[in-house]
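The values are calculated or read from the model by the stated rules, or taken from the named source; none is laboratory data. This structure is a prediction, so every number in the text was calculated from the model and none was measured. Positions of Cβ are backbone-derived with ideal geometry, glycine not excepted, and every protein chain shown enters the neighbour counts. Please note that ligands, DNA and RNA were not included when accessible areas were found on the heavy atoms of the full protein model with its side chains. Shrake-Rupley method; radii C 1.70, N 1.55, O 1.52, S 1.80 Å.
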Amino acid sequence: MTAVGITVVVDTRAEAPLLGEFGLSLLLEYGAKRILFDVGSGTALAENLNRRGIDPAQLDKLILSHGHYDHTTGLEALLPRMPETTVFYGVGIDASLHSLRDDLPMRSIAMPEAARRALFAHPRRREIDALTEIAAGMFLTGPIPRVSGEDCGGRFYLNIAGTVPDSIADEQALLLAEGILISGCCHAGVINTMEYCLRTHPEIPIHAVVGGLHLLHAGEARLQQTADYLKHHAVRQLVLLHCTGDEAVAFLRDQLPECTILTPAAGETVTL
């Protein structure tokens, strides 16, 4: 088994001297490969990579989980520094994406235009439209079928009028042969995401889930459904970040006493 090191580069919480911001970026060290997963929502990524002495030009791959601004804004500053790095993204990542909350008017949450230009000008980019092995033991899901009834964590739309719902179909997750599943926000739901991986790769039992689970506004029934599923599949470790929510973390800790649950800040590294 290959040890997998996961360093949180961007999240809301940060260990000094790194900066915190609302967004997510992870650095995966997988054997000899170094893979960046998502790029945050602003300036923290470039600054945090610099403070950790990480040269973007030396990264092997860049994976974008989906097109929301808090996972893509860092592209503008990053991509010119990594011309030889392949960028993987899902179909429709540059769609017009909007969100509506009770306390806020409809707002755009799409990839900023400068980030979009940087992505589509990049000489080494690859659109993923189906489950794909991108390197030995590394699988991107492509679109994740929605079958469990889990919602996508909020009211999302493909137009400003709010008449075309957005299921966030461009979202993808990363499955490692070691049984580790990595997600940006898990808008598809962790049940749907795991079910798809287990159906397509039954030889890879998933023992660890890393990333945001978008349970911030989930009710007790949704939380219980999630906990029961993770318990049934004997998931032994959760590394919960970004949009999971403190109440959801506490609920899962209570329901899954046999599971190690970590909530690292930017600057911390977890070895799985």
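What does the helix-only formula give at 222 nm for the chain: each DSSP H stretch with n ≥ 4 adding -39500 (n - 2.57), the total divided by the residues, and the result rounded to the nearest 500 deg cm²/dmol?
Using -39500 (n - 2.57) per qualifying helix, the result is -6000 deg cm²/dmol.
Taking amide H atoms as placed 1.01 Å from N in the peptide plane, list the residues 5 or more away in sequence, or in a different chain, whose amide H sits under 5 Å from that of ILE261.
Residues meeting the criterion, in which the H sits 1.01 Å from N, are LEU238.
Per residue, what accessible area does segment 123-175 have, given a 1.4 Å probe and all protein chains present, in Å²?
Solvent-accessible surface per residue comes out at 47 Å².
Quick one: Karplus J couplings for segment 163-171, per residue in order, coefficients 6.51, -1.76, 1.60, θ = phi - 60°, nearest Hz, x for Gly and Pro?
Per-residue couplings from phi come out as 9, 10, x, 10, 8, 6, 5, 6, 5 Hz.
So in the chain, what percent of DSSP beta bridges are antiparallel if you round to the nearest 5?
60
For ILE109, enumerate residues with amide H under 5 Å from its amide H, sequence gap 5+ or separate chain, H modeled in the peptide plane.
Correct list: LEU97, HIS98, SER99.
Given Cα pairs under 8 Å that are at least 6 residues apart, what percent is the relative contact order of segment 151-272?
Computed over segment 151-272, the figure is 21 percent.
Kindly report the accessible area of segment 184-229 per residue (heavy atoms of protein chains, probe 1.4 Å, no ligands, DNA or RNA), in Å².
Normalised by residue count, the accessible surface of segment 184-229 is 35 Å².
Each label point is 7 Å from the Cα along the Cα-to-Cβ direction; what then is the distance between the points at MET106 and ARG125, in nm?
2.6
Hey, what do the phi angles of segment 80-88 turn into as Karplus ³J(HN,Hα) couplings, whole Hz, using 6.51/-1.76/1.60 and θ = phi - 60°, x for Gly and Pro?
Values per residue, Gly and Pro as x: x, 8, 9, x, 9, 8, 7, 10, 10 Hz.
Could you work out what % of the accessible surface of the chain is carbon and sulfur, using a 1.4 angstrom probe and leaving DNA, RNA and ligands out of the count?
Ligands and nucleic acids excluded, carbon and sulfur give 51 percent.
How high is the relative contact order of the chain, in percent, with contacts defined as C-alpha pairs under 8 Å that are six or more residues apart?
Relative contact order for the chain comes out at 18 percent.
Given the options ALA46, ALA118, ALA161, which has the most mean-square fluctuation in a GNM of the chain, springs set between C-alpha atoms less than 10 angstrom apart?
Answer for the Gaussian network model of the chain: ALA161.
Among PRO123, PRO205, PRO105, which one shows the biggest mean-square fluctuation in a GNM of the chain, springs joining Cα atoms closer than 10 Å?
Per the Cα network of the chain with a 10 Å cutoff, PRO105 tops the list.
Once you've got the GNM for the chain with C-alpha springs shorter than 10 Å, pick whichever of LEU75, LEU27, LEU256 has the biggest mean-square fluctuation.
LEU256
Amide H neighbours of THR86 under 5 Å, counting only residues 5+ apart in sequence or on other chains, H built in-plane at 1.01 Å?
LEU62
Given ALA135, HIS122, ALA46, which one lies farthest toward the positive end of the charge dipole of the chain, if we put +1 on the Cβ of every Lys and Arg and -1 on the Cβ of every Asp and Glu?
Positive-most Cα among the choices belongs to HIS122.
Defining a contact as two alpha carbons under 8 Å apart and six or more residues distant in sequence, what relative contact order in percent does segment 196-257 show?
Relative contact order of segment 196-257: 44 percent.
For ALA234 and GLU203, compute 0.36 nm times the residue count separating them, minus their Cα-Cα distance, and round to one decimal in nm.
Gain on extension, ALA234 to GLU203, equals 9.7 nm.
For segment 198-272, which GluC sites (Glu not before Pro) pass both filters: DSSP loop (anything but H, G, I, E, B) and at most 15 other C-beta atoms within 10 Å?
Passing both the DSSP loop test and the Cβ count: GLU203, GLU258.
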